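Here, each number is a calculation from the coordinates, and none is a lab measurement. Treat the numbers as computed from the prediction; the structure is a model and nothing was measured. Note: ideal-geometry Cβ built from the backbone for every residue, glycine included; neighbour counts use all protein chains shown.
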Amino acid sequence: MSYPIEMIRHSLAHVMAAAVQKLHPDVKFAGGPAIENGFYYDFDTDYRFSEEDFEKIEKEMRELIKSNGRFEQRIIDLDEAKQIFANQPYKMEWLNEYDAVGEKLSIYTFRDFTDLCRGPHVESSKDLPRDGFKIRAVAGAYWKGDSKNKMLQRIYVDAFESKEALDAFLKMQEEAAKRDHRKIGKEMDLFHFEPEYAPGAVFWHDKGYKIYRRLIEYIRARQEMAGYLEISTPSVMDRCLWERSGHWAKYGAHNYSGKTQDGKVFCVKPMSCPGGMLVFGQGIKSYKDLPMYLAEFGKVNRYEAAGALSGLMRVREFTQDDAHIFCTEDQLESEVVKILRFIKDIYNKFGFEKITMKLATRPLSEFRIGSDEIWDKAEGALKHALDANGIEYEIAENDAAFYGPKIDNYLKDSMGRVWQCGTVQLDMNLPERFDLSYIGEDGEKHRPIMLHRAMLGSIERFMGILLESTGGNLPLWLSPEPVVVVPISEKYRDYAESVVADLRAAGIYARADLRDEKVNYKVRELSMAKTPIIAVVGEKESTDETVTLRKLGVEKQEVVPLSEFVANMQNAVKLPL
């Protein structure tokens, strides 16, 4: 019998806990869910796990799997559960908070290990792969994710249905390490970080900032063609604005804020939506003005824990390609579908062909705003838009924003990794809080529906994803230096500079590498920096008015007339509109 991979991973988590218990009988257990590519389990013990323990734990896991132990479920009441877990403080804390009167609890036992667990699990350890898992790392993790609680030890494990699947994943991880965007960023001289002075903020170098600007230029051009109006709102606004929107209650601890001399508390902008609503609220709007598309490349700041920061992928200061679409209820379905198709087309232009979508439903959160009736209506509207247009999607339970359900877009990169980037969020609550209205055909005031939309999401994060997916081999239109001209000696410097002048006159960024170094050294260094085209010029090229082209990743050189090369480059560097 074959089992879902999530069930295999969940069962292996229990096997690992049983192995750790056998090796360290005094261990206290927190929890261990299946996650993408594997699972983890949190332990509390005075023993400090290290890489030297990985092989021992894996060996013990294989012995337990070989024993063909069964995963046996029992349904018990709260009192019996407290007796079973009397010596497990983390399980007891959960049980003491459990207040579902009359409900039964599920426990699973595998060999000598018993855990609170709803399951399901495989029937027996004989159904688990003996060589399909590998311990990846051990890290600290606060109990319940709260820094006020004790630090536990979290063991991460990569787990798959077979050794072949695991080996394929590990090979992909090796390739990913080679393509780490921080490594590529250094090789290409794109950016750096200063953790001491500005943790989680990017210091853009010239070439990196060219890519950053080009990404914004492309999204801006596409938005203008689609009828978007671009706005810009203040970077610092009064705390009362965020209290009104509900963001302060939900994210206040992650906001940068400070009190001014007049006693007011101001916040550095953590998101753009309240500013967009204030712009829409200026003046009287008619139903004829809708839908209205307000876009903003808003630079936002959010405090992230230092341990969560990860190059461009997780920063404290970043730019979002936000937009807020205000529409009527009748326009809602067509606008949602239009946005989803817009996002998909954008991703395709960057080479991402495999796009999946998830409909995220209301969160189980004390910060959620709006009535169940509004949430029912909003979730139903998004589901109908997807179903009526034959758009495939999955359900992401309880993963919506605090103000409304959303459709998240996931793209798969060249290494098979999946990233959540673009999103469409349906909001019927914030327009109410900000008393937004338009005049309908009946001459009366009506409440607009607002759609929050991001395509790339964070420009910084998308750039990191793109660098890793392409290995830094960016398309010519996005490359910060599409052409570098290299003379074979000082004698041909003038011709090299004239080639650069022709390219720049045609709107193509180019430069000449005039350093006093050998040609092979320059070519090798420029190739390491992912320069797409190196144009080498010497006596023959200057006489014939040609260039010899070395293209990144192509062994064969090509001799092309200069005029033809310039014309070809003009087309190659155009934005893919």
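Compactness of region 410-469 is given as radius of gyration and Dmax, 18.1, 55 Å, from Cα positions.
Rounded to the nearest angstrom and ordered from largest down, what semi-axes does the equivalent ellipsoid of region 180-282 get from its C-alpha gyration tensor (root of 5λ)?
Values for region 180-282, descending: 30, 23, 11 Å.
Taking Cα atoms, how many degrees apart are the long axis of helix 51-66 and the longest axis of the chain, rounded to 10 and kept between 0 and 90? Roughly 60 degrees, rounded to the nearest 10.
Each Lys or Arg adds one and each Asp or Glu subtracts one; over the other residues with Cβ under 13 Å from the Cβ of residue 4, this totals -2. Charge tally around residue 416: other residues with Cβ under 11 Å, Lys/Arg +1 each, Asp/Glu -1 each, net +2.
Work out how much length residue 112 to residue 282 would gain on full extension: take 0.36 nm times their residue separation and subtract the Cα-Cα distance, in nm to one decimal. Numbers along the way, then the final one.
Working: separation 170, 0.36 × 170 = 61.20 nm, distance 6.72 nm.
Using 0.36 nm per residue and subtracting the Cα-Cα distance, I get 54.5 nm.
Spacing of the modelled spin labels on residue 305 and residue 418, each 7 Å from Cα toward Cβ, amounts to 2.5 nm.
The angle between the Cα long axis of helix 163-178 and the longest principal axis of the Cα atoms of the chain comes to about 40 degrees, rounded to the nearest 10. Restricting attention to region 492-577, lysine pairs at least eight places apart or on different chains and with alpha-carbon atoms under 22 angstrom apart total 14. Please express the Cα-Cα pair-distance distribution P(r) of the chain as a list of whole percents, one per 10 Å bin, running from 0 to the bin with the greatest distance. The distribution over the chain is 3, 13, 20, 22, 20, 14, 6, 2, 0, 0, given as percents.
In summary, the lysines within cross-link reach of residue 59, defined as a Cα separation below 28 angstrom excluding same-chain residues under 8 places away, comprise 22, 28, 91, 126, 134, 163, 171. How far, in degrees from 0 to 90, does helix 519-528 lean away from the longest principal axis of the Cα atoms of the chain, to the nearest 10? Between helix and principal axis, roughly 30 degrees. Antiparallel beta bridges, as assigned by DSSP with both residues in region 483-572, represent about 50 percent of the total such bridges.
Rounded to the nearest 0.05, what FRET efficiency do residue 256 and residue 563 give with R0 = 60 Å and r taken as the Cβ-Cβ distance? Could you check? Efficiency, from the Cβ-Cβ distance: 0.65. Pair-distance distribution of region 182-470: all C-alpha pairs, bin width 10 Å, starting at 0; shares per bin in whole percent are 6, 26, 36, 24, 7, 1, 0. Modelling each spin label as a point 7 Å along the Cα-to-Cβ direction, I'd like the residue 514/residue 439 distance in nm, to one decimal. Simple spin-label model gives 6.5 nm for this pair.
Return the Rg/Rh value of region 444-520, two decimal places, where both radii are evaluated on C-alpha atoms and Rh is the Kirkwood radius. Reported Rg/Rh, Kirkwood definition of Rh: 1.33. Both numbers refer to the Cα atoms of region 1-117; Rg and Dmax are 14.7, 46 Å.
Within a Cβ distance under 13 Å of residue 212, other residues only, what is the Lys/Arg minus Asp/Glu net charge? That works out to +2.
Using only Cα atoms, what Kirkwood radius does region 69-108 have, in angstroms?
10.7 Å
Each peptide in 175-188, 418-431 receives the mean, over its residues, of other Cβ atoms within 10 Å, and ordering these scores from highest gives 418-431, 175-188. Among the GluC sites (Glu not before Pro) in region 518-573, those located in a DSSP loop and surrounded by at most 11 other Cβ atoms within 10 Å of their own Cβ are 555.
If you restrict to DSSP beta bridges whose two residues both lie in the chain, what percentage is antiparallel, to the nearest 5?
Working: 85 of 99 bridges.
Looking only at bridges with both residues in the chain, the antiparallel portion is about 85 percent.
The radius of gyration of the Cα set in region 483-572, together with its Dmax, comes out at 11.8, 33 angstrom. Ranked for footprinting exposure by Cβ neighbours inside 10 Å, fewest first, 273, 240 give 240, 273.
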